[in-house]
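Just so you know, all these numbers are worked out from the coordinates, no wet-lab data involved. None of these values were measured; they are calculated from a predicted model. Methodologically, a virtual Cβ is constructed for each residue, glycine included, from the backbone with ideal geometry; neighbour enumeration extends over all protein chains shown.
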Amino acid sequence: MSLTSIFSIAGSALQAQSQRMNVSASNLANADSAVGPDGQPYRARQVVFQVDPPAGQPYGREIGGVRVAGVVLDPSPLKRIYDPAHPLADGQGYVTMPNVDTVAETVNMIAASRSYQANVEVLNTAKQLMMKTLTLGQS
Amino acid sequence: MLDRLNEDFRFYQQAIALRAQRQEVLSSNIANADTPQYKARDFDFQAAMRDALDARLRLPDTHLSLTSARHIPGQAVTPDPVALQYRLPYQPSVDGNTVDMDAERVRFADNTLHYQSSLQLLSGRIRSMMSAIQE
């Protein structure tokens with residue numbers, strides 16, 4: 001319970017937001033991957049955030065950082081596009097494509113980077129405060 | 001004599017400690033700005049400061065003495081001066097999160113400023129004490 005724990009709180013947020021950006025980047029990169037390692041089209045992934053309070057805090061007063069509870073597959077249906085010339089087209093000429101929503105992923109990416117920046121700012125402020133506290137009474 | 005010094009610095013020490021704690025709570029809010037079902041927390045600095053300085057309110061923690069293995073343990077603890085509360089949501093999101101990033105950042109900056117001014121005041125106090133000692 002001190003300024004040093006701000007480092008772990010903001011640090012955990014940086015880690016979680018960068019993982020969110022990673023997942024978003026993977027979704028965007030694979031927006032057109034009609035076949036993955038398992039032979040199926042790529043499915044979009046989303047991170048789930050969860051509060052991560054350090055142990056030993058009184059009940060009802062827990063505060064803490066954030067962690068990624070898991071990466072879940074997007075359950076929305078896969079897109080089907082008509083392209084008879086595609087090598088993976090089925091009998092009717094349809095190809096099953098990933099369910100990545102590129103616009104939503106781009107927005108997600110921007111939101112993650114803004115949250116990342118906010119936490120970097122928190123970290124910088126905490127560092128400045130600690131430096132000032134360390135030089136208390138000098139000069 | 002050292003007692004007096006201690007008493008003199010206690011106010012600022014308490015203020016800085018509470019400011020640091022509030023800073024932590026606010027940073028937790030900012031860190032969890034995207035966590036579903038997270039509710040923003042904060043506490044009233046003025047009330048916490050008043051409770052912390054008013055020593056009469058703090059009683060020593062009491063335990064029931066147990067004389068048999070079948071007794072139920074009980075204890076009475078005076079609550080901490082800091083009472084964490086939930087912020088009233090101004091524009092809550094659909095996922096149950098009540099963190100308003102702009103408001104949190106404003107409060108964070110405000111708290112930073114107050115922390116620094118408390119440090120500055122304490123610094124001045126130490127300086128005047130030093131000059132009093134050296135004269």
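Partner aspartates and glutamates whose Cα lies under 17 Å from the Cα of residue B:39, excluding those fewer than 8 positions away in the same chain, are identified as A:52, A:62, B:24, B:95, B:100, B:102, B:104.
With both labels modelled 7 Å from their Cα along Cα-to-Cβ, the residue B:2 to residue A:32 distance reads 7.5 nm.
Per DSSP H run of at least 4 residues, take -39500 (n - 2.57); add these up for chain A, divide by its residues and hand me the 222 nm value, nearest 500 deg cm²/dmol. Mind dumping the intermediate values first?
Numbers: 2 runs with 60 residues, N = 139.
The helix contribution divided over chain A gives -15500 deg cm²/dmol.
Considering every residue in A:114-120, what mean count of other chain Cβ atoms within 10 Å of its Cβ is obtained?
The shielding value for this peptide is 3.
The modelled label-to-label distance between residue B:63 and residue B:106, using points 7 Å beyond Cα along the C-beta direction, is 4.8 nm. Taking 0.36 nm per residue of separation and subtracting the Cα-Cα distance, full extension of the segment from residue B:76 to residue B:90 would add 1.4 nm.
Largest GNM mean-square fluctuation across A:42, A:82, A:116, computed for chain A with C-alpha springs under 10 Å, falls on A:82. Peptide A:128-138 has a mean of 4 when you count, residue by residue, the C-beta atoms of other protein chains within 10 Å of its C-beta. Computed from Cα positions, the angle between helix A:3-29 and the longest principal axis of chain A comes to roughly 10 degrees.
Per residue of A:47-57, count partner chain C-beta atoms within 10 Å of its C-beta, then hand back the mean as an integer. Each step should come with its number before you reach the end.
Values: counts 1, 2, 10, 5, 8, 3, 1, 0, 0, 0, 0.
The per-residue average across the peptide is 3.
Need one word for chain B: rounded, prolate or oblate. Basis is the Cα gyration tensor (sqrt eigenvalues a ≥ b ≥ c); a/c below 1.5 gives rounded, then a/b vs b/c decides. Spell out each step's value before the answer.
On the way: a/c = 3.36, a/b = 1.10, b/c = 3.05.
Judged from the Cα gyration tensor, chain B comes out oblate (a/c at least 1.5, b/c at or above a/b).
Comparing A:76, A:18, A:113 in a Gaussian network model of chain A, where Cα atoms under 10 Å apart are tied by springs, the biggest mean-square fluctuation is seen for A:76.
With r defined as the distance between the Cβ atoms of residue A:85 and residue A:111 and R0 fixed at 35 Å, what FRET efficiency is calculated, to the nearest 0.05? Step by step, r from the Cβ atoms, then E = 0.40. When chain B is treated as a GNM with alpha-carbon contacts under 10 Å, the residue of B:117, B:65, B:93 showing the greatest mean-square fluctuation is B:65.
Between residue A:55 and residue A:15, what is the FRET efficiency for a Förster distance of 22 Å, r being their Cβ-Cβ separation, to the nearest 0.05?
Details: r = 19 Å, r/R0 = 0.86.
Efficiency at R0 = 22 Å is approximately 0.70.
Rounded to the nearest 20, the size of the Cβ-charge dipole of chain B about its Cα centre is 260 debye, with Lys and Arg at +1 and Asp and Glu at -1.
With a cut-off of 19 Å on the backbone N, the residues of segment B:85-120 near the modelled label site 7 Å out from residue B:53 along Cα-Cβ are B:111, B:114-120.
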